[in-house]
Each structure stands twice: as C-alpha cells, then as structure tokens.
Amino acid sequence: MIVEQRPVPDEDAGLVSLCKGGATGPFETLVKRHQKKMLNIVYRMIGDYEEACDVVQEAFVSAFKGINGFEGKSRFSTWLYSIAINQARNRLKQMKARRQFEARSIDNPVPGRDRLIRLEPASGDPPAAETIERKEIQSKVQECINTLEHGYREILVLRDMQGFSYDEIGSMLGLPEGTVRSRLFRAREAFMKKMKSHLGDL
Amino acid sequence: MDCRDIKELLSAYLDGALSFEEKARVEEHLKTCKECSSNLAALKEAVSQIKGLKEVEPPPLLARRIMKTIKKEARYPLRIRIPLQAAAMIAIAFTSIYLYKSFQPAAMKEAKELPKEYAAPQAPSQPPTVVGKAGPTPEKEEAVALRNAPAPAKQEAKTEDKRILFFRAAPARGKAAAPPAAKEERMADAALKKEARPMAPAQPSANAPLIAETPAMQAAPAAPAQAETPVMAAAPPAAAPAAEVALVEEKAPPAKKASAGAMRMKVESIEKGPMEVRLTLYVKDIDAAAKNVEDVLNQAGAAEIKTDSFKDRKIQSAFLSSQYLSRVIEKLKSIGELKGAEAIPAQEKPSVRIIIGLEKKS
C-alpha cells in the first residue's frame, strides 16, 4: 500500500482568505466540502452518530470563529480536522462522565447500554451484495476499535480509514512523524490482538 | 536483524513510509522469513478490515444547521452579544425602576378606580356651597357649570364642591394664554352636550377628571395621559397642582378608601398651602370691573395680583392678608353681584388666596 500523494497547494486557500473577512458564503462551501470526512473521523472516534454530528457542528463554528488565526502553515483541512479531533476528544470525556452517572442512576437503569457499540445508525439500506457475514465483521471491527485506547483509535481512523499521510497525521495530532509511525505500529498490533480474541482465527 | 525489529518496521513498510535503506532491509528479510511474511499478510488484512468500514453520510440538514449557527455568530459574535445582552438587561432594570417610581402605585390604583366612582349615579348629593342658591335645579346647575367651567374636567365637580369647579376652570396661576382657553371652551361645550342627556354623562367625562385628579400624573412630564387632554396642556404649569387636587379630595365622599394613601398626601399638601377663597362677581362691564377689583385688592395690600382674560370672563387672583378679607368682600359687593361670599369659613391662617371670577351679568 502506497501513501497517496496529495497535491501540495491547498484547494481551500482561496475560500479561506475570503472567510477571513467574515464572509459566510465561502465558508458554506467549505462546510459542504469537509463535513462528510469530518463526520466520519469523529463518528469512528466516538462511535455515536448523533454526538458526532454535534461535534462536527461545534468544530465548524469554532473554526469559523478562529479562521483569522489560521496561518496557512498546514492545509486548511488538516487544521479543520485537528479542531474536530480535539472537540471529539472532549466529547468522549463528557460521554464517559455521563455514562458513569447514568450507570449509577437508580431511576433510569439501562442494562447493557453502551453507546460506543451502537453501529452504523446512519447507514441506509446496505448494498444488496453485502452479506450478513461481512456486516458482522464490520461490527466486530468497530467494536475492536472502540475498545482500543483513544490514542490508538484516533490514529487508526486517520491513517487506515481516512488515508492521511504520516505528515498530515503528525500535524493534526501535534506529533512528530517518528511518534506517528511507532504509535501506528502499536495501534495496529493492539487492534490485531483484539480481533484475534474476537474472531478467534485471525 | 531479527524478526522483532522487522516486525516494528512492517507497519511503516506497508505504508511506504520507510527510508530506502530500511525498506531494502525489510524486503531482504521477508524473502527468507516466513513468519514475518505471514505477519505482514495479517497486518494487511487488519488494515483492509479497518478500511472496509463503511463511511457514514452526514444528515442532509447538517450543513444548513451549521451555517445557521455560523451566520448568527457572524452577525453578533458572542463576545459582542453577551455584553450587549447584559447592557440591555441593566437598561431594562433601570427603566422599570424609573417607571415604577414615576407612576406611583397609589396614583395608578386611583386612576383605575376613579372613573367607576364618577360613573356611579351619586349625582346631586351635595349642594354647591359657593355658587349655589338653595336647592338649585339640575338645569340651573348645569348652566352655572357651563359658564364657570370650560373644561370637561368640571363634570365630576357636580358631585362636589362648586368652588372646585370654579377653580378648575380658572388657570389661576395665569400662564395659560387666551387661544388655548378658547379651545377649552369648545371642548367644554362638546362635553356639555353629552352631559345634557340624563344618565349618559358618566362615560365621556370619565377620563378627564381622572387626569385632572392625579397629581402624580401631572407631575410626571412623560405621562401619556396628559397629551390626551388639551385642558391639561393649557393648565398652568403645575405650580402647585397638588393643592388644587387636594381640595377636590377633601370634599369628596369618604368612599375612596383605596386611594387613602394618595389622599393623605394631598391633605398634607393643603395644610401647607394658604387657604383659598373663591368668589364670583357678576358685572355689566367686565373690563371696568376688573380694574376696580384690582384697585380694591391693591388698597388691601394684596400681593401677586394676577388677571387672566378669557372670552367672556376674567379671573383675578391674589394673596391677601386674612384680616382684610371681609373688607375686600364688602367692596366687591359694591362693584357687582357677588356670589360665594356667604359661606366663607373662619380664617385660621394669616394669609388667604383670593380668586375672583368676573362674569357678565345675564
């Protein structure tokens, strides 16, 4: 597998400079262009579709507010996604706190409820060719990712799902490239281990 | 190089992220090591499994929702919106306090209750003390009212002291100009026509006395009610409006429990002010009589003699030493037919305010 080489010039640069004057029109284009990728990163990170939509909205709003602080050292998308990742991390902490609170609630016990395991709530009708087995594997994969620690989860989502380069991941997460490489290695190891215990024969 | 080192590199090798030398080493090792090759295969599989996770679609309205929030933010950023809202809250709070203080609750309450009271058919309960002959017929009283009182405000006075009625008609402190006075009279005529019908009167007059009666309203320059009544606009700029009102209240039936607080206030204010004596003088020549009256007042050492001219009537007022009051009255009787002098109470205070209305003898 070869790292895709993205074109170095930032396709968003023109729109971004328009937005710096406070224009909302060009920003709408940016929202439409990036919302899907952002949603997918956030959703795979926190595992809850509704929460992920919320986080994406928050991230866009704070990106708009802070767009004048974007200096263009990285691509705009990298900057944008790093905001979303930060927001998602915060949301994960909140959700964890909420879950603990809910678990202790006597009035409203929801046995076995784990938001992190809820899968694919937004996927519409599955393709006809998709077998039940494949679906099962997908849900196992998501489960395994969800049980990984946050750092591993993030990097797997960014690299293996979204295909960002080590360099991009480094600037999104604020890590040197060497750390990205070693963390990715450990994350994949951990993931394989989980899959093995889940599926038995991997 | 052993398999553990290679294993660490496999992940990056898969991504093509190794340096040229590292890559060569890994490839060299893989040729001979079956375990590492299978490790690489497992790694590839795992990565493809993750990659195989389906992408989710954003909800169709997400972008619109986001833009709505952003447009709000763009128009009024939070750092402006919050101070603005805070400032608005403070402004509202201060305005409320100000309004509450200017329209005192007692006055407001009274304002609501008065019309009802005047609407009640308690009509000719008290005979007029100053103008009245014994037992005047309603028509007669009406006629007197017409002459004396150009303002709609007078209507309520029917149930009260005639003196008040007179006084109310007279902008005694003299700043009212003639044109507004004429206007007053037109108003009065209109009001009287309505009044002529037996029971109807209550309603048209209901508002006017209410306004005239409420000192707080008069005092508050912003009170919207004032603008509704030209009478008020023409009235002398509240030199001592409370005193005027006080007399009305004093004579009013004790039914006004609700406005007890306001009443107390007014009674106090009259105690402070001088006693007032109101007289009506019927003469043939008003202008000549006015001069005579002025001479009389001057001779008696009266102060602040003022004369207000109206269409067919003059009103003169002055401050007079109480001891000269009876002598002045005697002299006035020689000028014309004097009314209102019959029931002048004993003068307790050193000075008295005398108000003389000059009317054409009919």
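Selection of first residues in the stretch A:54-80 that are more than 11 Å from every other protein chain (Cβ to nearest Cβ) and of second residues that are surrounded by 15 or more Cβ atoms within 10 Å (Cβ to Cβ) and hydroxyl-bearing (Ser, Thr, Tyr), restricted to Cβ pairs under 6 Å at least 6 apart or on distinct chains, gives the following pairs, ordered by first then second residue: A:74/A:171; A:78/A:171. Looking across the stretch B:3-61, just one residue is within 11 Å of another protein chain (Cβ to nearest Cβ), touching a Ser or Thr at 6+ places or on another chain (Cβ under 7 Å) and part of a helix (DSSP H, G or I), and that is B:43. Please work out if residue B:75 is within 14 Å of chain A (Cβ to nearest Cβ) and at pLDDT below 80. So residue B:75 passes the test.
Checking each residue in the stretch A:27-43 for being surrounded by fewer than 24 Cβ atoms within 10 Å (Cβ to Cβ) and more than 7 Å from chain B (Cβ to nearest Cβ) picks out A:29, A:30, A:33, A:34, A:37.
Looking across B:312, B:308, one residue alone is surrounded by fewer than 19 Cβ atoms within 10 Å (Cβ to Cβ) and under 18 Å from residue B:285 (Cβ atoms). It is B:312. Considering the stretch A:131-154, and only residues there that are closer than 15 Å to residue A:47 by Cα and of a type in the set (Val, Ile, Thr), the residue that is farthest from the other protein chains (Cβ to nearest Cβ) turns out to be A:147.
Taking the conditions exactly as written (within 17 Å of the chain's Cα centre (by Cα) and facing chain B (nearest Cβ under 10 Å)), does residue A:163 satisfy them or not? Taking the combined requirement at face value, the residue satisfies it.
Taking the condition at pLDDT 90 or above, out of contact with any helix residue (DSSP H, G or I) (no Cβ under 7 Å at 6 or more places or on another chain) and surrounded by 14 or more Cβ atoms within 10 Å (Cβ to Cβ), does residue A:171 pass? No, not satisfied.
The values are calculated or read from the model by the stated rules, or taken from the named source; none is laboratory data. These figures come from a predicted structure and were not determined experimentally. Note that we place each Cβ from the backbone using ideal geometry, even for glycine, and neighbour counts take in every protein chain shown.
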